[in-house]
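**Student:** Here it is, the structure in full.
The values are calculated or read from the model by the stated rules, or taken from the named source; none is laboratory data. Note that the structure is a prediction, hence the values are computed from the model and not measured. Quick reminder, even Gly has a Cβ in these numbers, built from the backbone with ideal geometry, and neighbours come from all protein chains shown.
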Amino acid sequence: MTADQIETLLRAALAPTALEVEDDSGRHVGHAGAREGRHFTVRVTSRRFAGLARLARHRLVYDALGPLAAQGVHALAIEARSPDEA
């Protein structure tokens, strides 16, 4: 999975008002998990997150990525906000 693929899936599922996907893999070279896949940070703002707890927001992100999340992603840091929190 690439940052572009993550961005495409999140845009389609969450209609974000702001979205940033950063590939952090270069910072984890030599880390045991680096052999298992890439590391990403996702910062996303969406109306879909309004009124939801942090765990529910993260589930929406993982649901949007679907089975692709298990393909080559070792770590995914998520910052999910509603527009009124941004």
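**Student:** Would you check which residues across the stretch 34-48 are modelled with pLDDT of 85 or more, charged (D, E, K, R) and assigned to a strand (DSSP E or B) and list them?
**Tutor:** 43
**Student:** Follow-up question, since we're still on this one. Across the stretch 75-86, what is the total count of residues that are surrounded by 17 or more Cβ atoms within 10 Å (Cβ to Cβ) and either modelled with pLDDT of 95 or more or not hydrophobic (A, V, I, L, M, F, W, C) (or both)?
**Tutor:** Here the count works out to 2.
**Student:** Okay, moving on. Going by the conditions given, is residue 59 assigned to a helix (DSSP H, G or I) and either within 13 Å of the chain's Cα centre (by Cα) or modelled with pLDDT under 85 (or both)? Spell out how you get there, then give the answer.
**Tutor:** Numbers: assigned to a helix (DSSP H, G or I): yes; either within 13 Å of the chain's Cα centre (by Cα) or modelled with pLDDT under 85 (or both): yes.
Yes, satisfied.
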